[in-house]
Amino acid sequence: MSTCAHLSAVTAVKSAKRYECSECVKLGSPWVHLRTCQECGTTLCCDNSPNRHASMHAKATKHPVVASAEPGERWLYCYPDDGFAEY
Ligand SMILES: [Zn+2]
Ligand SMILES: [Zn+2]
Ligand SMILES: [Zn+2]
């Protein structure tokens, strides 16, 4: 388990406003799990989903940290550093 400065910078965790991947909804594509970007609050699909929108969003926008949007899961993940933290 590793942590990084990005994870330390998250003080108030943003939760999902809508329980869906906005990009997959546009495409009519399914997703597996959901992640919420901690910079802009966008909820997108995980790396097990066909389109991996959360990962692509992190790369494209340089928004490094997501929180799990799954009910009952309380953890943060940093894509560039492969960092993980529970909260
Ligand atoms: Zn990081
Ligand atoms: Zn998606
Ligand atoms: Zn974002």
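The values are calculated or read from the model by the stated rules, or taken from the named source; none is laboratory data. This structure is a prediction, so every number in the text was calculated from the model and none was measured. When we count neighbours, we look across all protein chains shown, and the Cβ atoms used for this are built from the backbone with ideal geometry, even at glycine. Each accessible area value is taken on the protein alone, full model and side chains, heavy atoms only, with ligands, DNA and RNA left out. Shrake-Rupley method; radii C 1.70, N 1.55, O 1.52, S 1.80 Å.
Regarding the chain, what is the average projected area of its C-alpha convex hull, in nm²?
5.3 nm²
Can you give me the accessible area per residue for the stretch 1-66, using a 1.4 Å probe, in Å²?
Working: 4010 Å² over 66 residues.
I get 61 Å² per residue for the stretch 1-66.
Among 79, 48, 31, which residue has its Cα furthest toward the positive end of the charge dipole of the stretch 23-83, with +1 on Lys/Arg Cβ and -1 on Asp/Glu Cβ?
Going by the charge dipole, the pick is 31.
Express in Å², to the nearest 10, the accessible area of residue 20 obtained by rolling a 1.4 Å probe over the protein heavy atoms while all chains stay in place.
Probe radius 1.4 Å; accessible area of residue 20 about 50 Å².
For each cysteine in the chain, check whether another cysteine's C-beta sits under 4.7 Å from its C-beta; list those where none does.
Here 4, 37, 40, 46, 78 come out as lacking a disulfide-compatible partner, given the Cβ-Cβ threshold of under 4.7 Å.
Given a 1.4 Å probe and every protein chain left where it sits, what share in percent of the accessible area of the chain is carbon and sulfur?
Numbers: 2690 of 5200 Å².
That share works out to 52 percent.
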